[in-house]
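Single-structure report; data block below.
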């Protein structure tokens, strides 16, 4: 999915970014307000502060988005990063 987001940004398409479901941080399943809606098991889709592999994937993707935005800016579109053009 990340490559599809990057391609859309690079081509000035309708997708300007993405996000993961919920940041749980230091919370753990069973804690209140973990990030998942009430109908989902607590922590089902959450990203935790100790989930190093997921955090590394997210960090790598952020860097790729930044590179794509810089490339778009150098090409003259979309300068604001949201597909609005110059």
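Tabulated data
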{"read-out": "Any hit, region 66-73, residues being assigned to a helix (DSSP H, G or I), farther than 21 Å from residue 1 by Cα and out of contact with any helix residue (DSSP H, G or I) (no Cβ under 8 Å at 6 or more places or on another chain)", "value": "yes"}
{"read-out": "Residues of region 18-31 satisfying the condition of being surrounded by 13 or more Cβ atoms within 10 Å (Cβ to Cβ) and either within 16 Å of the chain's Cα centre (by Cα) or more than 18 Å from residue 43 (Cβ to Cβ) (or both)", "value": "18, 20, 21, 22, 23, 24, 25"}
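Rule-based calculations on the coordinates, nothing more; no lab input. Treat the numbers as computed from the prediction; the structure is a model and nothing was measured. FYI the Cβ positions are ideal-geometry reconstructions off the backbone, even for glycines, and counts take in every protein chain you see.
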